[in-house]
Amino acid sequence: MKESGRKQSAASPCAACKLLRRRCAQDCVFAPYFPADEPQKFASVHKVFGASNVNKMLQELPEHQRGDAVSSMVYEANARVRDPVYGCVGAISSLQQQIDHLQTQLAIAQAEVVHMRMRQFSSMSSGGGTAGNSPENVSPSSRHTQTQPIMSLFTMDILHQKSK
């Protein structure tokens with residue numbers, strides 16, 4: 001039995017036993033994972049899953065997997081307290097939307113870099129003449145009309161160099 005979460009069984013019961021107002025036994029399944037100095041950790045897990053269910057889950061798992069299980073339960077419980085409907089799925093969905101948006105911005109920036117290199121190459125090969133403002137010489141990011149301006153990596157790099 002791990003004793004890292006316990007100070008002394010008689011002096012300080014674990015957070016679970018303290019919240020449940022019971023005596024903390026020497027072999028308490030909660031004690032290694034819910035120390036007395038972190039009462040909110042067990043409170044949120046208890047609120048979402050219930051002490052009996054948490055006890056059953058922990059006892060069904062081998063000891064080496066219990067720490068990870070408790071970490072997962074604490075994460076899910078905290079997510080459920082913040083967002084009772086979606087829980088951690090809401091956070092995952094939000095992060096996925098951010099990834100999609102950033103991938104779009106990256107693709108636009110990469111297309112702009114390719115377009116600028118092509119313009120530079122064509123201006124070098126044509127004897128240094130100006131390219132003009134024909135549709136094929138307009139950068140891909142300026143073709144997109146959106147309500148929010150998109151700052152490409154190229155533009156940010158130019159601004160960064162100017163600030164030095």
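Here segment 40-61 is the region considered, the condition is being of a type in the set (S, T, N, Q) and within 16 Å of Val81 (Cβ to Cβ), and the residue that is most open to solvent (accessible area, probe 1.4 Å) is Gln40. Does Asp37 qualify as being surrounded by fewer than 16 Cβ atoms within 10 Å (Cβ to Cβ), over 27 Å from Arg82 (Cβ atoms), among the charged types (D, E, K, R) and modelled with pLDDT under 95? No: the conditions fail for Asp37.
Does any residue of segment 26-33 turn out to be in a helix (DSSP H, G or I) and open to solvent by 20 Å² or more (accessible area, probe 1.4 Å)? No, there is no match, as no residue in segment 26-33 is in a helix (DSSP H, G or I) and open to solvent by 20 Å² or more (accessible area, probe 1.4 Å). In summary, helices (runs of 4 or more DSSP H) completely within segment 75-164 and bearing 1 or more residues that are modelled with pLDDT of 90 or more and open to solvent by less than 90 Å² (accessible area, probe 1.4 Å) occur at 88-125.
The values are calculated or read from the model by the stated rules, or taken from the named source; none is laboratory data. Since the model is a prediction, treat every value here as computed from it, not as a measurement. Every residue, glycine as well, gets a Cβ built from its backbone with ideal geometry; the counts of neighbours run over all protein chains shown. These accessible areas exclude ligands, DNA and RNA; they are computed on the full protein's heavy atoms, side chains included. Shrake-Rupley method; radii C 1.70, N 1.55, O 1.52, S 1.80 Å.
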